[in-house]
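The block underneath contains the structure these notes are about, expressed in structure tokens.
The values are calculated or read from the model by the stated rules, or taken from the named source; none is laboratory data. From a predicted model like this one, the values you see are computed outputs, not experimental measurements. Cβ: placed from backbone, ideal geometry, glycine included. Neighbour counts: every protein chain shown.
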Ligand code: C5P
């Protein structure tokens, strides 16, 4: 059993969520999807009708939002003011707006604090948690015992995202997904606060040629110290 923190970072479409959740399950650990938290705040912002360039308004909505995270890997979920929004946060409107919302420093501060207390709750006095995101190894949990940074070619990532959308019943247009993946990469990698970046002590894994099962088994090897 895992005692401690595993950080899994990288851009979207690398197999990150499937592998992180599968790893948590295999290790009997908790699972935290930090991207879901940024998405939930984005959903709240869209519902409140705040303009995406109004940083003060965005931070205010984030501060008023009651966010609940379920961290069991068999049934992870996000509650917005008590209501499960796990479907809604995957919709195109949220995906299109989330990078702007996650670039606001006050919102990152708020969510990083929440993430750290969720991590503490799962690991103290003992226990384990697999945490996935963009800045887990660099900012949220720089003391994580294992840090993995997943990459894949833009083509492979757009392909996976399209397949995932189709599998989950969302309209899947390859061109649009491709453009969206590229745009979010640029925004997430170039923002001033906590940009997407590999931690110096992370293990990097290129998943371009790997199946989701292979990504998971590689992560299990690393977590078992067989890396
Ligand atoms: O992982 P996912 O694609 O659901 O993340 C959605 C967005 O949330 C990312 O594109 C990024 O803008 C933001 N994010 C972040 N920091 C994290 C996790 C996600 O800025 N740790």
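Residue by residue through region 86-112, note down the ones that are more than 13 Å from the ligand (Cβ to nearest atom) and more than 20 Å from residue 177 (Cα to Cα).
Correct list: 106 only.
Looking at 10, 15, which one is modelled with pLDDT under 95 and touching a strand residue (DSSP E or B) at 6+ places or on another chain (Cβ under 7 Å)?
Only one candidate qualifies: 15.
Could you look through region 30-77, keep only residues that are buried (at least 17 other Cβ atoms within 10 Å of the Cβ) and assigned to a loop (DSSP other than H, G, I, E, B), and pick out the one that is farthest from the chain's Cα centre (by Cα)?
So, considering only residues that are buried (at least 17 other Cβ atoms within 10 Å of the Cβ) and assigned to a loop (DSSP other than H, G, I, E, B), the one farthest from the chain's Cα centre (by Cα) is 50.
I'd like to check something: does region 144-162 contain any residue that is loosely packed, with under 15 Cβ neighbours inside 10 Å and in contact with a helix residue (DSSP H, G or I) (Cβ under 7 Å, 6 or more places away or on another chain)?
Yes.
Does region 78-85 contain any residue that is more than 10 Å from the ligand (Cβ to nearest atom), more than 15 Å from the chain's Cα centre (by Cα) and on the phi > 0 side of the Ramachandran plot?
yes
Residue 123 versus (1) surrounded by fewer than 17 Cβ atoms within 10 Å (Cβ to Cβ); (2) more than 17 Å from the chain's Cα centre (by Cα): which is the lone unmet condition?
(1)
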